[in-house]
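First up is the structure itself, then whatever we jot down about it.
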Amino acid sequence: MQLYSRSAGSGLPVVLLHAFPLSSAMWLAQREGLAPVCRVITPDLRGFGGTMLGDDEPSIDLMADDVAHLLDQEGIDRAVVGGLSMGGYVAMALCRRHPDRVRGLILADTKAQADPEPARANRERIATAVLESGTGILVTESLPAMLGATTKECRGMVAGRVRGLVQAAPPAAVAWAQRAMAARPDAFGTLRSLTVPALVVVGDEDELSPLPDAQAMAEAIPQAQLVVIGKAGHLSAIEQPEAFNRAIAEFVKSLD
């Protein structure tokens, strides 16, 4: 699978994997803000943005293999790999399947535990609904929880941009990704065996992957630091890009 990607900057490669159901378009502020510090590579995961979906069965592991293939294509042996939400699941799968490719790990607004049965059932419900009647259910059900209270109250342009990104998601990719996420395994074993430094980032208003989830991941990783971003919800990189970029830049510089 050829992943479409956008890149900026030079130096240490940092691959940022987007949230569900967005695309690499969400990383605009990171490509602009982090380019002086590192080489930012932001792929569209399978089915989203400019990347085709293909015919494979839904799998987070497959998405991780796609990223390893992208590194091969770019001539990169090891990169800092970061992901937000679904992108975090893919980043953790990459650490399990291709640990030799990871120079450092960034986990933002994500969680390491597998979905409990009610969450898996809800993902299947949404996947079925999207295939039957389009992505409107994401706008009514999923979008409100993706943004923090401060963004919903004070950042109308940000909320509108996220809404547009959600509405642009192809229904087939949405259903495929929901089923892939539902089937993902617990990742705490992978985190405990990490031999590279990690940064865990969470918005203090994140309702979907709240602070306790971030703390649990940071405690499991041998070399981890935790950064809490104020007045940000689940999409901290979009809601508070300056604070998010500052945390990433400091982490990347510490790896030199």
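Being assigned to a helix (DSSP H, G or I), over 15 Å from Leu235 (Cβ atoms) and not small (Gly, Ala, Ser) is the requirement here; does Asp186 meet it?
no
Under 7 Å by Cβ, and 6 or more places apart or on different chains, what pairs join a residue from the range 79-92 that is farther than 14 Å from Ser236 by Cα with one that is among the polar types (S, T, N, Q) and at pLDDT 95 or above?
Tyr89/Thr110; Met92/Thr190
Listed residues Leu62, Leu70, Leu94; which is farther than 18 Å from Pro170 by Cα, touching a Ser or Thr at 6+ places or on another chain (Cβ under 9 Å) and either part of a helix (DSSP H, G or I) or open to solvent by 50 Å² or more (accessible area, probe 1.4 Å) (or both)?
Of the residues listed, the single one that is farther than 18 Å from Pro170 by Cα, touching a Ser or Thr at 6+ places or on another chain (Cβ under 9 Å) and either part of a helix (DSSP H, G or I) or open to solvent by 50 Å² or more (accessible area, probe 1.4 Å) (or both) is Leu70.
Which is more than 16 Å from the chain's Cα centre (by Cα) and in contact (Cβ under 8 Å) with a residue 60 or more places away in the chain, of Thr150, Thr140?
After ruling out the rest, the residue left standing is Thr150.
Just to be sure, is Leu84 open to solvent by 30 Å² or more (accessible area, probe 1.4 Å) and either touching a Lys or Arg at 6+ places or on another chain (Cβ under 9 Å) or under 22 Å from Ser142 (Cβ atoms) (or both)?
Considered against the rule, which asks whether it is open to solvent by 30 Å² or more (accessible area, probe 1.4 Å) and either touching a Lys or Arg at 6+ places or on another chain (Cβ under 9 Å) or under 22 Å from Ser142 (Cβ atoms) (or both), Leu84 comes out as no.
Scan the range 59-76 and tell me whether some residue there is touching a strand residue (DSSP E or B) at 6+ places or on another chain (Cβ under 7 Å) and small (Gly, Ala, Ser).
Scanning the range 59-76 turns up no residue that is touching a strand residue (DSSP E or B) at 6+ places or on another chain (Cβ under 7 Å) and small (Gly, Ala, Ser).
Take Ala183 and decide whether it is aliphatic (A, V, I, L, M) and open to solvent by less than 40 Å² (accessible area, probe 1.4 Å).
no
So which residues in the range 98-148 are acidic (Asp, Glu) and open to solvent by 40 Å² or more (accessible area, probe 1.4 Å), if there are any at all?
Passing the criteria: Asp100, Glu117, Glu124, Glu132, Glu141.
Identify the single condition in (1) more than 21 Å from Met26 (Cα to Cα); (2) assigned to a helix (DSSP H, G or I); (3) in contact (Cβ under 8 Å) with a residue 24 or more places away in the chain that Arg161 does not satisfy, given that it satisfies every other one.
The failed condition is (1).
Do you know which of the residues in the range 207-240 that are in a helix (DSSP H, G or I) and of a type in the set (D, E, K, R) is least open to solvent (accessible area, probe 1.4 Å)?
Looking at the filtered set, the residue picked out is Glu239.
For Glu205, all conditions in the list (1) in contact (Cβ under 8 Å) with a residue 60 or more places away in the chain; (2) touching a helix residue (DSSP H, G or I) at 6+ places or on another chain (Cβ under 9 Å) hold save one; what is the number of the exception?
Among (1) in contact (Cβ under 8 Å) with a residue 60 or more places away in the chain; (2) touching a helix residue (DSSP H, G or I) at 6+ places or on another chain (Cβ under 9 Å), Glu205 violates only (1).
For the range 18-29, state whether one or more residues are farther than 23 Å from Arg163 by Cβ, open to solvent by 10 Å² or more (accessible area, probe 1.4 Å) and hydroxyl-bearing (Ser, Thr, Tyr).
no
Which residues, taken from the range 30-47, are assigned to a helix (DSSP H, G or I) and open to solvent by less than 10 Å² (accessible area, probe 1.4 Å)? Please lay out each step first, then the result.
Step one: of the range 30-47, the residues assigned to a helix (DSSP H, G or I) are 30-34.
Result: Gln30, Leu34.
The values are calculated or read from the model by the stated rules, or taken from the named source; none is laboratory data. Bear in mind the structure is a predicted one, so any value in this text is a computation, not a measurement. Note that each Cβ is placed from the backbone with ideal geometry, even for glycine, and that neighbours are counted across all protein chains shown. Calculation scope for accessible area: heavy atoms of the full protein, side chains included, ligands and nucleic acids excluded. Shrake-Rupley method; radii C 1.70, N 1.55, O 1.52, S 1.80 Å.
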